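Q: Pasting a structure below so you can have a look.
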Amino acid sequence: MKWALILTCCLIASCAGVETSNRNLLVGEWRYADRTQSCHYAFKTDGTFTGEVIQRRKLVSKFKGRWAVKGDALLYTYLGDALGRIPAGAKDRDKLITIEKDSFLIEAADGSHRRYLRIQ
């Protein structure tokens, strides 16, 4: 019984370590771009973020919020959008596929994959 408790504690501690490590790797500024849109995020150590989306060379969203990593999920809670597209309190989630020093890959809710590149 002791071994089961010790093993459970070790597994919980290792998962928390991975989330903290992934979270630390994401701190910084990131950009994704394809033929029609670009997305810019700045993830800060205090758990806040800012960002913007440009579609066809037009700014369509400029937002801020709080972010977290839970398991393989990147979680967003939006606090506001200067252009009114995202309501305060809205939540979103992306699946983290890989995180590296200079890039990370997500699977968005629509199933598409997006690679963000570090810009700072």
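Q: What are the semi-axes of the equivalent ellipsoid of region 77-120, taken as the square roots of 5 times the eigenvalues of the Cα gyration tensor, listed largest first and rounded to whole Å?
A: 24, 14, 9
Q: Which of the aspartates and glutamates could a cross-linker span from residue 95 if the Cα-Cα distance has to be under 12 Å and same-chain partners fewer than 8 positions apart are dropped?
A: Partners within reach: 72, 107, 110.
We did not get these values from a lab; they are worked out from the coordinates using the rules stated. Small disclaimer: the values here were computed from a predicted structure and weren't measured.
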